[in-house]
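Please read the structure below before turning to the comments.
Just so it is clear, none of the values below were taken in a lab; they were calculated from the coordinates. Please read these numbers as outputs of a predicted model, since none were measured by experiment. We place every Cβ from the backbone using ideal geometry, glycine too, and count neighbours over all the protein chains shown.
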Amino acid sequence: MAAAVLAALSLFGQAFAGTWTCGDAHFQTPWHIYAAPAANWTVVDWGPRTGNGGTAYVGYVPARKQWLYEDFHFDGSYSMNTSPGPVNGSWSWTGTYDMGKHVLHGVVIWKRATRTRIVRTFEQTLGGKVVHVAHDSCAAR
């Protein structure tokens, strides 16, 4: 059974599937990363089903030769990122975060630090330069 579940998970899902508590010292939310039914996509359900949560879909698009991470936030904002895939265990997602009146451009780097911990780093393009703006982590539950 475990082999069948693993085969159904995308490469991203194989790296990050599980139930997590994610955030920083000030704000933490529950996350669940799992295989989408009957598809080679991964679902990332994060946070509560209110303005502080959302659902993302992650999968590889062969025609584009890239990974997509489309994140629908329950407050109406939206994020779309692409990645070439993992490099040395890190996934670098480049794209936009559309908040309606403002659009941010940047990079989110996901890395499985240990079996029980994911580390994420957020960088934003400001004045043509990429600047580290935040980081958080996820602990297995």
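Structural remarks
- Note, ³J(HN,Hα) from phi for the range 113-126, Karplus 6.51, -1.76, 1.60, rounded to Hz, x at Gly and Pro: 6, 9, 4, 10, 8, 10, 10, 10, 10, 10, 10, 10, 8, 10
- Theoretical gain in end-to-end length, residue 136 to residue 25 [0.36 nm per residue, Cα-Cα removed]: 39.1 nm
- Normalised convex hull volume, the range 2-140, alpha-carbon set, Å³ per residue: 129
- In order along the range 85-97, phi translates into HN-Hα couplings of x, x, 10, 6, x, 10, 10, 9, 9, 10, x, 10, 10 Hz, rounded to whole numbers, per the Karplus curve 6.51 cos²θ - 1.76 cosθ + 1.60 with θ = phi - 60° and x for Gly and Pro.
- Electrostatic tally near residue 24: other residues with Cβ closer than 11 Å to its Cβ, Lys and Arg +1, Asp and Glu -1, net 0.
- Taking other Cβ atoms within 10 Å as a rough exposure proxy, 115, 141 sort from fewest to most as 115, 141.
- Residue exposure sequence - 22, 138 - by fewest surrounding Cβ within 10 Å: 22, 138
- Spin-label model distance (nm) - residue 129 vs residue 72, 7 Å beyond Cα toward Cβ: 3.9
- For the range 37-119: rounded, prolate or oblate by the Cα gyration tensor [a/c cutoff 1.5]: rounded
- Estimated from helical segments only, the mean residue ellipticity of the chain at 222 nm is -2000 deg cm²/dmol, where each DSSP H run of four or more residues counts as -39500 (n - 2.57).
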